[in-house]
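These notes concern the structure reproduced below.
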Amino acid sequence: MSLIVKNIGQIVGIDESGRTRVAGKEMDTIGMLGNAWLLTDGERICDYGTMDKFPDTDGCEIIDAQGGWLFPSFCDSHTHIVYAGSREQEFLDKINGLSYEEIAKRGGGILNSADRLHETSEDELYRQAMERINEVISMGTGLIEIKSGYGLTLENELKILRVIRRIKENAPLAVRATFLGAHAVGRAYKGRQSEYVEHVCNDMIPAVAKEGLADFIDVFCDKGFFTVEETAKIIETGAEYGLRAKIHANELAVSGGVEVGVEHGALSVDHLESMGDEQIEALSGSATMPTMLPGCAFFLGIGYPPARKMIDAGLAVALASDYNPGTAPSGNMRFVAALASIKMKMTPAEALNAATLNSACAMGESNDYGSITRGKVANFYLTKPLPSLAYLPYVHQTPIIKDIILKGKHIN
Ligand code: NIG
Ligand code: FE
């Protein structure tokens, strides 16, 4: 069914240029149209214009925005939203002075979540994850990437990926799945990291590919986790099975993760809290999208990525939430955009471009998502009337979202 939204104060994120990403200085510009309407045709955006040329609306569902603004849904290109339970005990450990690495070395962290996932049924995992999915939908997310990585055994990696597939089939938002078997060394392989890497390459990747459970492959390439050589081996094996790489890089140290990602044509390299000029140089001219997760730096109390330097060097950058129980227990992309402005000095337009078009690009999906474009999927939300664009990240906790439309369906 078609749907028309009328009396829109401003449509934000209009882009008919056909570009798949926005880089450098251009990130500070975002297309807007005032006093507008927007028409969908089933799942897609059909047309938009100004209220003085309002089209025939016979047979359409009509939404009166009453001067509220229309934004393209957030695209969240990096999450670990399928997990069992929570880890607030480690939150307390951090308050008492332990670092993320120290907690991981004691067998906590990712391995703690893996233990819980092992003892949780697929149905229960799905139930918990859907609560989080509904939460992020209500906060404006319309396309989300979800990683495995809390299984760390063949059976349990398949279990978590099957839960992601079920979300893909049933949730109103769009989902992309990433296999992250190399998130940490599974307990059964303690002290035998290279054997675990063999297991990931020889057993897990083929099994995941056979069931068609993943779109992408990821490795936690960082100090205390997987090396550059191990990362290269895993993503090369993934490529043989048609899985494009997205890498966890440079969260805890300058890890070589950026360079190995760029060399292997990764879709994105994510985190980047530890970045030098060489890494920015390595990204220049590459198709790999640097993706920042400021919710993680906020939660861990570590330094933020040098976003200003990257944009000023002409790079395109993306933003994502990293929603996970250990380093970013929130999927609120408006808060992520606010952190990008407050902590990394990105302008509201840069933050919005990074959290929509560029984040869609970090999933290879910017031809269909990430902007208000004729022919793209009709994923958008309506707000109350706003005084300016900056108001959106400025009042980052105020509930200003009124209506959500995903794949052309008015879902609330
Ligand atoms: O992106 N850094 C690795 N993975 C997650 C944390 C996972 C966890 O602690 O459960 C991240 O921050
Ligand atoms: Fe992550």
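The values are calculated or read from the model by the stated rules, or taken from the named source; none is laboratory data. This is a predicted model, so every value here is computed, not measured. Glycine also receives a Cβ, built like all others from the backbone with ideal geometry; neighbour counts cover every protein chain displayed. Note: accessible area is taken over every heavy atom of the protein model, side chains too, but ligands, DNA and RNA are not part of it. Shrake-Rupley method; radii C 1.70, N 1.55, O 1.52, S 1.80 Å.
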Failed criterion for ASP322 (all others in (1) out of contact with any Cys (no Cβ under 7 Å at 6 or more places or on another chain); (2) in a loop (DSSP other than H, G, I, E, B); (3) at pLDDT 95 or above; (4) closer than 18 Å to CYS221 by Cβ hold): (1)
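Here is a check on your reading of the model: is ASN367 modelled with pLDDT under 95 and part of a loop (DSSP other than H, G, I, E, B)? Give the derivation first.
On the way: modelled with pLDDT under 95: no; part of a loop (DSSP other than H, G, I, E, B): yes.
Answer is no for this residue.
Checking the condition more than 16 Å from ligand 2 (Cβ to nearest atom), touching a residue at least 60 places away in the same chain (Cβ under 8 Å) and open to solvent by less than 10 Å² (accessible area, probe 1.4 Å), which residue from ALA307, ALA360, ALA320 passes?
Values: ALA307 fails: touching a residue at least 60 places away in the same chain (Cβ under 8 Å); ALA320 fails: more than 16 Å from ligand 2 (Cβ to nearest atom).
Testing whether each residue is more than 16 Å from ligand 2 (Cβ to nearest atom), touching a residue at least 60 places away in the same chain (Cβ under 8 Å) and open to solvent by less than 10 Å² (accessible area, probe 1.4 Å) leaves just ALA360.
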Quick check on my filter: what residues within region 313-365 are farther than 19 Å from ILE400 by Cβ, of a type in the set (Val, Ile, Thr) and away from ligand 1 (no atom under 16 Å from the Cβ)? VAL317, THR347
Filter region 137-159 for residues that are buried (at least 21 other Cβ atoms within 10 Å of the Cβ), within 16 Å of ligand 1 (Cβ to nearest atom) and either touching a residue at least 40 places away in the same chain (Cβ under 8 Å) or closer than 30 Å to ILE401 by Cβ (or both) and give the result. ILE144, GLU145, ILE146, LYS147, SER148, GLY149, TYR150, LEU152, GLU157
Among the listed residues GLU101, GLU61, which satisfies the condition of being within 16 Å of ligand 2 (Cβ to nearest atom), of a type in the set (Asp, Glu), touching a residue at least 24 places away in the same chain (Cβ under 8 Å) and open to solvent by 30 Å² or more (accessible area, probe 1.4 Å)? GLU101
Going through region 35-59 one residue at a time, which ones are assigned to a strand (DSSP E or B) and β-branched (Val, Ile, Thr)? THR40, ILE45, THR50
Can you pull out every residue in region 365-397 that is touching an Asp or Glu at 6+ places or on another chain (Cβ under 8 Å) and either under 14 Å from THR141 (Cα atoms) or of a type in the set (Gly, Ala, Ser) (or both)? SER371, VAL377, ALA378, TYR381, LEU382
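I want to confirm something. Restricting to region 272-301 and keeping residues that are touching a residue at least 40 places away in the same chain (Cβ under 8 Å) and open to solvent by 30 Å² or more (accessible area, probe 1.4 Å), which single residue is nearest to the chain's Cα centre (by Cα)? Step through it out loud before you land on a result.
In the first step, residues of region 272-301 are kept if they are touching a residue at least 40 places away in the same chain (Cβ under 8 Å); the result is 289, 291-298, 300-301.
If we keep only those that are open to solvent by 30 Å² or more (accessible area, probe 1.4 Å) too, we end up with 298, 300-301.
Details: PHE298: 17, LEU300: 19, GLY301: 21 Å.
By that ranking, first place goes to PHE298.
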Let me confirm something: among GLY238, GLY224, GLY265, which residue is surrounded by fewer than 22 Cβ atoms within 10 Å (Cβ to Cβ) and either assigned to a helix (DSSP H, G or I) or at pLDDT below 95 (or both)? GLY224
